[in-house]
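I have placed the structure first, in the form of structure tokens, so that the comments after it can refer back to it.
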Amino acid sequence: MKCKFCNSKCTLINNFGEMPIANGFLESHAIDNYSFELVTMFCEMCKLFQLFKQPLPELMFNDRYPFFTGQSERMTKHFEDLVEFTILPLIKEKEKSFVVEIGSNDGTLLQKVKNRGIRHLGVDPSKSVNLEAESKGVSYVQAFFNAQTVSKIKKEYGQADVIVAANVICHVPDLKDLFLSVSELLKSDGIFIFEEPYLGDMIEKVSFDQIYDEHYYMFSVMSVQRICESLNLILFDIEQQNTHGGSMRYFVSNNNNKVINTRVIDGYQKELELGLDLVLTYLNFKKKCEEKKNKFISLIKKLKSEKFSVAGYAATSKSTTVLNYCNLNDNDITYICDSTPQKVGRFTPGTKIPIVSTEFMRNNPPDFLVLFAWNHELEILNKEREFLGGKIKWVKYVPEVEILDNWI
Ligand code: DWN
């Protein structure tokens with residue numbers, strides 16, 4: 001029960017029970033998957049909310065990794081804006097600059113950097129997504145980002161002006177190695193920008209499905225500040241994002257003279273008001289997770305007992321936590337549709353619900369559709385209005401368990 005970052009004693013918070021690999025979609029119904037106990041804990045010393053243990057990285061990030069950033073139009077636009085309005089203004093001399101992305105996935109972000117004629121490099125351990133990046137002309141190394149990888153990049157390409165990471169730093173168990181490697185690769189005036197699902201939003205919305213094997217940490221301003229401080233880095237700015245159900249973008253520098261934006265102080269203050277520094281807050285969260293679980297199960301069982309058909313929309317990493325924690329299978333949720341070709345024809349990890357194409361769902365609409373990608377609600381509802389308007393009702397569980405019938 002030691003903190004993975006500072007080694008202090010942690011307090012155990014949630015126990016979601018046995019869980020499979022969140023993105024380990026099964027090729028066959030007959031396969032039995034690996035499982036581990038999904039337990040969270042909180043460190044009062046460095047304020048890090050974290051998993052008690054995580055499966056080996058190779059079990060999660062490998063040749064079959066099925067999550068592709070470009071599946072969401074809104075996320076594609078979000079990364080376009082990140083490049084246009086945040087990264088480009090930091091670049092002084094285009095010709096001499098170098099941008100590195102940690103967890104470059106299918107190259108959605110780096111393609112925009114490349115199109116601006118700026119030297120770039122992605123680092124990602126998963127072949128499946130790297131091949132997609134390659135098809136966009138994005139350069140990458142297939143590796144985990146760590147001291148060893150950085151030493152090779154530095155030798156071959158030199159230091160970076162900007163290092164960027166989106167929804168990936170919380171996946172990395174050894175934060176000390178990660179931040180020191182970033183510091184090593186950055187030029188002295190370089191900037192590290194990373195954004196992650198935000199702990200404050202998870203607590204407020206009781207979005208416990210943000211907790212799964214890949215998300216080793218849920219960061220807050222206070223925890224990132226402590227990590228930086230202890231490694232002689234400086235967190236000098238933050239920006240709230242409305243992606244992935246509420247995220248925070250952090251700006252970090254090697255330069256200790258950097259002026260700290262008041263947003264950091266205000267963000268910290270808001271977290272004190274939310275009680276993100278207190279164990280009690282997380283014990284209350286645990287109670288609310290259990291209440292939400294029971295409410296969600298009751299709703300699904302009630303719909304089934306009334307002979308309604310229920311299916312799911314989007315086979316997300318998050319849905320692996322919800323389905324396994326709530327012990328729901330294909331008797332409860334007949335199928336889940338998803339736009340990712342690599343997921344269609346597979347089965348959900350642990351609960352073995354068949355995954356079908358979005359087109360199949362549109363041709364066979366159920367009475368109720370559980371919105372597992374609730375973080376993409378606006379995009380999905382706008383898109384599906386044309387196909388499903390008047391035919392289905394949505395079931396939501398974030399922020400509240402509810403039925404959305406008046407959505408047309
Ligand atoms: O950190 C992570 C986050 C950012 O992304 C990862 N570890 C993995 C992944 O988590 P997720 O699977 O919960 O992410 P999403 O973005 O909520 O999943 C979207 C899923 O929904 C994809 O499988 C594609 C699908 N989808 C769809 O079928 N129709 C998405 C959209 C927008 C759609 O219109």
Spin-label pair Asn232/Ser151, simplified geometry with 7 Å Cα→Cβ offset, distance in nm: 1.9
When the convex hull of the Cα atoms of the range 157-268 is projected onto a plane and the area is averaged over all directions, what value comes out in nm²? 7.0
Give the longest segment of the chain that steers clear of GluC sites (Glu not before Pro) in DSSP loops with at most 11 neighbouring Cβ atoms within 10 Å, not counting the sites themselves. 94-305
All other residues with a Cβ under 11 Å from the Cβ of Asp189 taken together, and with Lys, Arg as +1 and Asp, Glu as -1, what is their net charge? +2
Lys187 and Lys53 label points (each 7 Å along its Cα→Cβ direction) are spaced in nm at 4.5
Using the heavy atoms of the protein chains and a 1.4 angstrom probe, tell me the accessible area per residue for the range 203-350 in square angstrom. 40
Determine the distance separating the Cα centre of the range 342-408 from the Cα centre of the range 1-16; give it in Å without decimals. 35
Reduced to Cα centres, the span from the range 285-308 to the range 29-84 in Å works out to 25
In whole Å, what three semi-axes, largest first, describe the equivalent ellipsoid of the chain built from its Cα gyration tensor (square root of 5 times each eigenvalue)? 35, 25, 20
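Of all the Cα-Cα pairs you can form in the range 75-164, what percent are over 22 Å apart? Spell out each step's value before the answer.
On the way: 838 of 4005 pairs.
For the range 75-164, the fraction of Cα-Cα distances above 22 Å is 21 percent.
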The value for the range 117-192 (convex hull of the alpha-carbon atoms, volume per residue, Å³) is 99
The Rg/Rh figure for the range 283-408, Cα atoms and Kirkwood Rh, to two decimals is 0.94
First select every other residue whose beta carbon is under 10 angstrom from the beta carbon of Leu303; then total the charges, Lys and Arg +1, Asp and Glu -1. +2
So what is the accessible area of the range 42-173 per residue, in Å², with the probe set to 1.4 Å? 44
Given a Förster distance of 45 angstrom, what is the FRET efficiency for Lys2 paired with Ile408, based on the Cβ-Cβ distance and rounded to 0.05? 0.30
Given 10 Å bins starting at zero, what is the percent of C-alpha pairs of the range 221-334 in each, up to the one with the largest pair distance? 11, 28, 25, 20, 12, 4, 0
Hey, with R₀ at 25 Å, roughly what FRET efficiency would Ser135 and Lys94 work out to, going by the Cβ-Cβ distance, to 0.05? 0.50
Only residues of the range 211-226 count here: report those whose backbone N is under 16 Å from the spot 7 Å along Cα→Cβ of Asp277, or say none. 220-226
Between the modelled labels at Gln142 and Arg385 (7 Å from Cα along Cα→Cβ) the distance in nm is 4.3
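What relative contact order, as a whole-number percentage, does the chain give when Cα pairs under 8 Å and 6 or more residues apart are counted?
Normalised by residue count, the contact order of the chain is 16 percent.
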P(r) of the range 244-294 in 5 Å steps, Cα pairs, percent per bin? 4, 14, 15, 19, 19, 12, 8, 5, 3, 1, 0
Where the accessible area of the chain is counted over protein heavy atoms with a 1.4 Å probe, how much of it, in %, is carbon and sulfur? 49
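The values are calculated or read from the model by the stated rules, or taken from the named source; none is laboratory data. Remember, predicted model here, so these are calculated numbers, not experimental data. Cβ atoms come from the backbone with ideal geometry, glycine included; neighbour counts cover every protein chain shown. Each accessible area value is taken on the protein alone, full model and side chains, heavy atoms only, with ligands, DNA and RNA left out. Shrake-Rupley method; radii C 1.70, N 1.55, O 1.52, S 1.80 Å.
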